[in-house]
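The values are calculated or read from the model by the stated rules, or taken from the named source; none is laboratory data. Computed from a predicted model, the values in this text were never measured in an experiment. Ideal geometry is used to build each Cβ from the backbone, glycine not excepted, and the neighbour counts take in all protein chains shown. To get the accessible areas, we keep the full protein, side chains included, count just its heavy atoms, and leave off ligands, DNA and RNA. Shrake-Rupley method; radii C 1.70, N 1.55, O 1.52, S 1.80 Å.
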Number of protein chains: 2
Amino acid sequence: MTTNAAPEAIDFADIKAAASRIAAHALVTPVLQSRSLDALVDAELLFKCENLQRVGAFKFRGACNAIWSLPAAQAARGVVTHSSGNHGAALALAASTRGIPAHVIVPEGAVRSKVAAIEMYGATLHRCAATISAREQACEQVREQTGATLVHPYADARVIAGQGTAAMELIAQGGPLDVLLAPVGGGGLISGSAIAAAALAPDCRIIAAEPAGAADTFESLRQGKRISAFVPDTICDGLRTLVGEINLRIMRAHGVEVLTVDDEETIAAMRLIWQRMKIIVEPSSAIVLAAVIKHRQRFAGQRIGLIVSGGNVDLDALPWPARPSTAGEA
Amino acid sequence: MTTNAAPEAIDFADIKAAASRIAAHALVTPVLQSRSLDALVDAELLFKCENLQRVGAFKFRGACNAIWSLPAAQAARGVVTHSSGNHGAALALAASTRGIPAHVIVPEGAVRSKVAAIEMYGATLHRCAATISAREQACEQVREQTGATLVHPYADARVIAGQGTAAMELIAQGGPLDVLLAPVGGGGLISGSAIAAAALAPDCRIIAAEPAGAADTFESLRQGKRISAFVPDTICDGLRTLVGEINLRIMRAHGVEVLTVDDEETIAAMRLIWQRMKIIVEPSSAIVLAAVIKHRQRFAGQRIGLIVSGGNVDLDALPWPARPSTAGEA
């Protein structure tokens, strides 16, 4: 886990090592339950709240593990990535925990609040055009100029091992599970979760929830090969990415099943979580509850772990009146 | 603690007894921290998240303790209260945990979502006019007809003891505190908190946060007598109540100080908590952070416990578009 290129082989020992590596920096997030949501689906739901993680997303785990895996000399040259979302912010903050430079390639048109967060955590921003090739080229250029190590958002064994620590914690905190659900975008979280669950809870089924409008993972598993031409269309902006090759391999090796969910179902689930659990989750997180609700007959009576991946919603889009309507009183 | 009239004397033993009594029903809510909020005020903040309590508010603790304090024969006749807010919902749910009837007096014009929650938890609703005298009269009538026990929202020793369990848990979970802050409306939470902190952390200062537009507690302590003519004007709907006589006595006995906060400061703090902590809090809860921000020089360098009293905001007032703007991505 300490070479310049990200190693591909990964097992539970890597997740345990990641857990030790990030322990001083990442939070042990709480596992929350809601009796009213349990009653709604007639199952026991354990929500692993990575929306309460630093940076507001599980992404901090993988970024932190990647950064603290680097040998000192390599680390000193910094890290680089081309995500303008949660991974970019996570890498920026994780780099600051080690006092090393972080470079984040930000495409034109990136949301201002996201860019502001990345900058707030101290990363150097590099602007480029909004195409994939422009992003990769800009990334390569920074690597050449600085010697920085690329930390890919999901197709990276160090990142996958870090993401797997959330499922590891959930099983330690919540006890035995019949099912573990996580969203799938690039696949860093679900592949890390699968490795952790296979080691800790071999009878637990691992299920990925994917937007129907970005179901490349579902299709890739069905067709037996990774689909690479795909135009995602979903409200779940964290899940618009194509699944990675290594992530797909791990999912296949662990028999991960994919359930697809329509955006309307995800929005309804997001609203339920806000209302009943009083936590802020983004659509890409709410999709796991939506999958359980959609398939409630199948899941009835079971003990289900759900990884709530993040809570980075643009709250500036909400109304903040001088006198919002509220429902609490003595 | 088992007579029909609520006893007035209350000490830490009552809080410990309440903790045992409610343990099977109430949640041990998490204590959350935020490094960015700590940095903002240059202090260490420990948020005791009663917004994540059942019913979405600390009120469940007091209601549950009151109900499980009753002797069986008395309990069988049920309980009654005249709050249409969190206490009404809390009493309804707490009664259902013991399988006894709950009657809630609901004044004309009460918010429909609140009334729906009380009904959902299985209470019998009794409508009356919106005046205080009509509410008290309706309450008295139900007591005469049913033999139900009145459980007052805050001026009740059983309720105060139950509310004190939140501070007791916070100190057990979070370790030593320099300061403990809680909002004050009727005073059930702050008086219970003061008793718990005095026993567990005698050097900890106890501070109540009160809206400047409902500063009857501040004025009552200043003038040395309870003010009873007061028209509250604040966004903090949970804090519009006049402080209770017994609550004021306990506050005075424990040297509780009151800090007043303007609504604008409370709204800004609420927004900060939603954004940085990814939890939903109501204005009546955010006021404690607002008080720390307002007096940050005084609190700098200290370890501060804040009781986040509830999260019952009317989310129907928020926009739930087909495609909300979000800030998370791979």
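Karplus-derived 3J(HN,Hα) values for the stretch B:152-167, using 6.51 cos²θ - 1.76 cosθ + 1.60 with θ = phi - 60°, are 5, x, 8, 8, 8, 4, 5, 5, 4, 4, x, 5, x, 5, 5, 5 Hz; glycine and proline are entered as x. Once B binds A, the 1.4 Å probe can no longer reach about 5000 Å² of accessible area, counting both sides. Positive end of the dipole of the protein assembly as shown (Cβ unit charges, origin at the Cα centre): among A:Ala182, A:Ala253, B:Gln297, the Cα lying farthest that way belongs to A:Ala253. Could you tell me what percent of the DSSP beta bridges with both partners in the protein assembly as shown are antiparallel, to the nearest 5? Rounded to the nearest five, the antiparallel share is 15 percent.
For B:Arg222 and B:Leu40, what is the calculated FRET efficiency with R₀ set at 25 Å and r taken between the beta-carbons, to the nearest 0.05? Please report the intermediate quantities before stating the final value.
Values: r = 30 Å, r/R0 = 1.20.
In this case the efficiency is close to 0.25.
Every helix of 4 or more DSSP H residues in the protein assembly as shown counts as -39500 (n - 2.57), and over all residues that averages to -13500 deg cm²/dmol at 222 nm.
Here the Karplus relation 6.51 cos²θ - 1.76 cosθ + 1.60, evaluated at θ = phi - 60°, turns the backbone of the stretch B:195-212 into coupling constants of 5, 5, 5, 4, 7, 9, 8, x, 8, 6, 7, 10, 10, 9, 9, 9, x, 4 Hz, with x for every Gly and Pro.
Is the shape of the stretch B:60-150 best called rounded, prolate or oblate, per the rule: a/c under 1.5 gives rounded, else a/b larger than b/c gives prolate, else oblate, with a ≥ b ≥ c the square roots of the Cα gyration tensor eigenvalues?
oblate
Using a Gaussian network model of chain A in which every pair of alpha carbons under 10 angstrom is joined by a spring, one finds that among A:Val281, A:Val115, A:Val258 the greatest mean-square fluctuation is at A:Val115. Report, to the nearest 10°, how far helix B:132-146 tilts away from the longest principal axis of the Cα atoms in chain B, using its own Cα long axis and a range of 0 to 90°. The helix B:132-146 is inclined about 50 degrees to chain B.
Magnitude of the charge dipole for the stretch B:84-226, about its Cα centre and with charges confined to Cβ atoms of Lys, Arg (+1) and Asp, Glu (-1), is about 180 debye. In this Cβ point-charge picture (+1 for Lys and Arg, -1 for Asp and Glu), the stretch A:60-150 has a dipole of about 200 debye about its Cα centre. Each residue of the stretch A:17-33 is assigned a 3J(HN,Hα), and the resulting list reads 5, 4, 4, 5, 5, 9, 4, 6, 10, 7, 8, 7, 6, x, 9, 10, 10 Hz, derived from the Karplus form 6.51 cos²θ - 1.76 cosθ + 1.60 (θ = phi - 60°), x at Gly and Pro. Once you reduce the stretch A:73-94 and the stretch B:275-289 to the center of their Cα atoms, the two points are 30 Å from each other. Evaluated over chain B, the count of Lys pairs having alpha-carbon atoms less than 21 Å apart is 6 (only pairs 8 or more residues apart or interchain). With the simple model of a label 7 Å out from the Cα in the direction of the Cβ, A:Ala116 to A:Arg252 spans 4.4 nm.
Helix A:59-69 and the longest principal axis of the C-alpha atoms of chain A enclose an angle of approximately 40°. Accessible area per residue for the protein assembly as shown, computed on protein heavy atoms with a 1.4 Å probe, is 36 Å².
In the stretch B:60-150, taking the dipole from charged Cβ atoms about the Cα centre, the farthest positive-side position among B:Ala63, B:His82, B:Gln137 is held by B:Ala63.
Per residue, the average separation of C-alpha pairs within less than 8 Å and at least 6 apart gives chain A a relative contact order of 21 percent.
Run the dipole for the stretch B:1-152 about the Cα centre, Lys and Arg Cβ at +1, Asp and Glu Cβ at -1, nothing else charged, and hand back the magnitude in debye, nearest 20.
So the magnitude is around 440 debye.
Near B:Glu50, once Lys and Arg are set to +1 and Asp and Glu to -1 for all other residues with Cβ below 9 Å from its Cβ, the sum equals +3. Shape class of the protein assembly as shown from the alpha-carbon gyration tensor: prolate, with a/c at 1.5 or above and a/b greater than b/c. Pick from B:Ala199, B:Ala73, B:Ala39: which residue has the top mean-square fluctuation in a GNM of chain B where Cα pairs under 10 Å get a spring? Highest fluctuation of the listed residues: B:Ala73. First select every other residue whose beta carbon is under 15 angstrom from the beta carbon of B:Phe230; then total the charges, Lys and Arg +1, Asp and Glu -1. Net charge in that neighbourhood comes out at -1.
The amide H of A:Leu46, built 1.01 Å from its N in the peptide plane, has A:Ile304, A:Gly305, A:Leu306 as neighbours under 5 Å, considering only residues 5 or more places off or on other chains. Report, in whole Å, the centroid distance computed from the Cα atoms of the stretch A:16-49 and the stretch B:136-201. Here the two parts' Cα centres lie 30 Å apart.
Helix B:263-277 and the longest principal axis of the Cα set of chain B meet at an angle near 80°. DSSP bridge analysis restricted to chain B gives an antiparallel fraction near 10%, rounded to the nearest 5. Counting only other chain Cβ atoms within 10 Å of each residue's Cβ, the peptide B:233-239 averages 4. Considering only B:Gln275, B:Gln302, B:Gln145, the Gaussian network model of chain B with Cα springs below 10 Å gives its largest mean-square fluctuation to B:Gln145.
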